[in-house]
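The values are calculated or read from the model by the stated rules, or taken from the named source; none is laboratory data. Source: prediction; values computed, not measured. Counting neighbours? That spans all protein chains shown, and the Cβs are built from the backbone with ideal geometry, glycine included. With ligands, DNA and RNA removed, areas are computed over all heavy atoms of the protein, side chains included. Shrake-Rupley method; radii C 1.70, N 1.55, O 1.52, S 1.80 Å.
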Amino acid sequence: MPDAIPVDSVGLVTPQTIHFSQPLQLSCGQILEEYDLVIETYGQLNEQRNNGVLICHALSGHHHAAGYHCMDDKKPGWWDNFIGPGKPLDTNKFFIVSLNNLGGCHGSTGPVSSNPKTGKLYGPDFPIITVEDWVESQVRLSDHLGIDQWAAIVGGSLGGMQALHWSITHPDRLRHALVIASAPKLSAQNIAFNEVARQAIMSDENFRNGRYLEENTLPRNGLGLARMVGHITYLSDDAMGEKFGRELKNKEFSFDYGVQFQIESYLRYQGANFSGLFDANTYLLMTRALDYFDPASRFDDDLAKAMAKAKAKFLLVSFTTDWRFSPARSHEMVNALLHAGKDVSYLEVDAPQGHDAFLMNIPRYVNCVSGYMQRVANECGEKQ
Amino acid sequence: MASRVDLSVISRWIKEDSRILDLACGDGKLLHDLARDKNISGYGMEINPQNIQACIERGVNVLEHNIDQGLGNFTDQSFDTVVMAQALQALQFPHLVLDEMLRVGREGIVTFPNFGHWRCRLHLSTKGRMPVSKFMPYTWYDTPNIHFCTFKDFEDLCRQKKLTILNRLVVDRANKGDWKTRLLPNLMGEVAIYHVTR
């Protein structure tokens, strides 16, 4: 817990639940009759209502992006180093909205919610949600908040895909898109890793076809394993080598299959910890949403064509050691934006941390987002 | 800095409302001013992190990209003018970048320091050493400038490549193209500014 709330923190925050009763048509063909979205907001919406910044989360993220829920919290929100007074996403200038996406397991309607039709938990019956569906639900959220146009929509990884999709399907509703450590679609290798994660979950004997909660159990091993695989793809070889190397827990080999290398211990800890905090059905859903994302597919597989209607200005950032969504994946998006004649800036940050770098306090990255957002803030003041 | 003069010449040569690609765009001032004064649009390319940051703070579109790797990200003839100020001498393959400039742009504007300037010649002939001056402050073994040339050398390259020189201007340290630089450009000029097309 923080002894005192740091001065550059948004402080204690309280999530809000917003109920939507207008049915939402989903990509899979099903209709979600009603749903809740949990959000947190930081900063104040100005009189012109033009300083809104929407934060879209990645695979395992949620609405709690900054500040603390109570003084007993061990850690602040997941992007606290970017959000706060004087930080790159400056709460003195912007009204920042962070939500838990549909299908999530942190309060927004998802597999762990009860189905109003049956009164039972959705579990595996919760429809698969796509990035497009998320964007549509976020549009409803914008309407609810009275924000016609976001100053910026910001996201890393899967969050970046949402920002990109917004710019394609709702070009008038954002002025800037910050797409960080992201990709315009998954590669076969990306999908392969997702499939390993899903198989790990679904082959756990406690998965029970996704009805584990009804049967008072949890597929902990499977979800833990899925997280372990995921975690490997978030780190670079260098970062892992630097952190763990071939270090052993004890001095000598024990010639068995227990935990001997530090990296094993770390991965098992990460897996076990995550499996107690996250829902397996949500994990399946999020990985599928990633697999399906491919906005160019509706435009003859031509991403430049997909971007043609976008009106936002773009900032793309990639990290040199990210091999999950490598700089080459950002180049695909940058090139499409160039061909489409859009305003775009692109930064390739030298960072050893791999994909996880997008969450971290890397000076060049922080300064760039700060500098960019400062201009976005100035525009908010100029626009009437 | 003598290099600022070339920027003001470049600005004069660029048409209103045109689409510009600025290779090694530095802190983005040229693109920023051209957008303000001539309503141009376009992008800068840079590899220096401080310069990229300056561009972002100015609101100039900047792409982190090493131009020695080519301009494969751009389609043929997608810009009115491609500019490259004071970077030719720092490239691995200046002749290939020149080709690329005129592939993606209809016209190119190139500026570079003249190694045939009398100061360089004097330095080399009297001291027998590679010139080091305020304008070229690096030692020969540790310098970004790996391909120095003279105006004559550059014009040879243009002839070889069958490029048309639309305009050229030679300026000296005082940043003027006076009678001396007009009469003896390869001896008196410090910075060359060439406007070329294919």
query: Any residue at all in region A:238-257 that is touching a Gly at 6+ places or on another chain (Cβ under 9 Å), touching a residue at least 24 places away in the same chain (Cβ under 8 Å) and closer than 30 Å to A:Gly110 by Cβ?
result: no
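Out of region B:34-83, which residues are in a helix (DSSP H, G or I) and either aromatic (Phe, Trp, Tyr) or buried (at least 16 other Cβ atoms within 10 Å of the Cβ) (or both)? Walk me through how you get there before you give the answer.
Step one: of region B:34-83, the residues in a helix (DSSP H, G or I) are B:34-38, B:49-58, B:67-69.
Hits for region B:34-83 are B:Leu34, B:Ala35, B:Pro49, B:Asn51, B:Ile52, B:Gln53, B:Ala54, B:Cys55, B:Ile56, B:Glu57, B:Arg58, B:Ile67.
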message: Condition first: under 29 Å from A:Pro76 (Cα atoms), of a type in the set (A, V, I, L, M) and touching a Pro at 6+ places or on another chain (Cβ under 9 Å). Can you find one or more residues in region A:317-333 that meet it?
response: no
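Do we find that A:Ala304 is of a type outside the set (Val, Ile, Thr), under 20 Å from A:Glu132 (Cα atoms) and at the interface with chain B (Cβ under 10 Å from one of its Cβ atoms) in this structure?
On the way: of a type outside the set (Val, Ile, Thr): yes; under 20 Å from A:Glu132 (Cα atoms): yes; at the interface with chain B (Cβ under 10 Å from one of its Cβ atoms): yes.
When the stated conditions are applied, A:Ala304 passes them.
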query: Does region A:45-54 contain any residue that is small (Gly, Ala, Ser) and open to solvent by 20 Å² or more (accessible area, probe 1.4 Å)?
result: no
- prompt: Does region A:354-362 contain any residue that is touching a His at 6+ places or on another chain (Cβ under 6 Å) and surrounded by 18 or more Cβ atoms within 10 Å (Cβ to Cβ)?
  reply: no
Residue count for region A:292-315, restricted to those that are open to solvent by 90 Å² or more (accessible area, probe 1.4 Å) and either closer than 26 Å to A:Glu195 by Cβ or touching a strand residue (DSSP E or B) at 6+ places or on another chain (Cβ under 7 Å) (or both): 3
- line: Note on region A:87-125: residues touching a Leu at 6+ places or on another chain (Cβ under 9 Å), polar (S, T, N, Q) and in a loop (DSSP other than H, G, I, E, B) are A:Asn100, A:Asn101, A:Ser108, A:Thr109, A:Ser113, A:Asn115
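Going residue by residue through region B:93-100, is there one that turns out to be more than 17 Å from B:Val191 (Cβ to Cβ), touching a Lys or Arg at 6+ places or on another chain (Cβ under 8 Å) and open to solvent by less than 40 Å² (accessible area, probe 1.4 Å)?
Kept after step one, since they are more than 17 Å from B:Val191 (Cβ to Cβ), are these residues of region B:93-100: B:93, B:95-100.
Then drop every residue that is not touching a Lys or Arg at 6+ places or on another chain (Cβ under 8 Å), which leaves B:95, B:98-99.
Filter again for open to solvent by less than 40 Å² (accessible area, probe 1.4 Å), leaving B:98.
Yes, because at least one residue in region B:93-100 is more than 17 Å from B:Val191 (Cβ to Cβ), touching a Lys or Arg at 6+ places or on another chain (Cβ under 8 Å) and open to solvent by less than 40 Å² (accessible area, probe 1.4 Å).
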statement: If we ask which residues in region B:1-33 are open to solvent by 50 Å² or more (accessible area, probe 1.4 Å) and assigned to a helix (DSSP H, G or I), their number turns out to be 5
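In the list A:Asn81, A:Asn92, which residue meets the criterion of being open to solvent by 10 Å² or more (accessible area, probe 1.4 Å) and in contact with a helix residue (DSSP H, G or I) (Cβ under 8 Å, 6 or more places away or on another chain)?
On the way: A:Asn92 fails: in contact with a helix residue (DSSP H, G or I) (Cβ under 8 Å, 6 or more places away or on another chain).
That would be A:Asn81, the only listed residue that is open to solvent by 10 Å² or more (accessible area, probe 1.4 Å) and in contact with a helix residue (DSSP H, G or I) (Cβ under 8 Å, 6 or more places away or on another chain).
Restricting to region A:335-373, name every residue that is in a helix (DSSP H, G or I), at the interface with chain B (Cβ under 7 Å from one of its Cβ atoms) and either among the polar types (S, T, N, Q) or free of Cβ contacts under 8 Å to residues at least 60 places away in the same chain (or both).
The initial filter retains those residues of region A:335-373 that are in a helix (DSSP H, G or I), namely A:335-339, A:354-359, A:363-373.
If we keep only those that are at the interface with chain B (Cβ under 7 Å from one of its Cβ atoms) as well, we get A:335, A:338-339, A:364, A:367-368, A:371-372.
Result: A:Asn335, A:Leu338, A:His339, A:Arg364, A:Asn367, A:Cys368, A:Gly371.
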field: Unmet criterion (only one of (1) open to solvent by 10 Å² or more (accessible area, probe 1.4 Å); (2) away from chain B (no Cβ under 14 Å); (3) within 24 Å of A:Gly230 (Cβ to Cβ)) for A:Phe325
entry: (1)
- request: Count, please, the residues in region B:45-92 that happen to be facing another protein chain (nearest Cβ under 10 Å) and either β-branched (Val, Ile, Thr) or in contact (Cβ under 8 Å) with a residue 60 or more places away in the chain (or both).
  value: 6
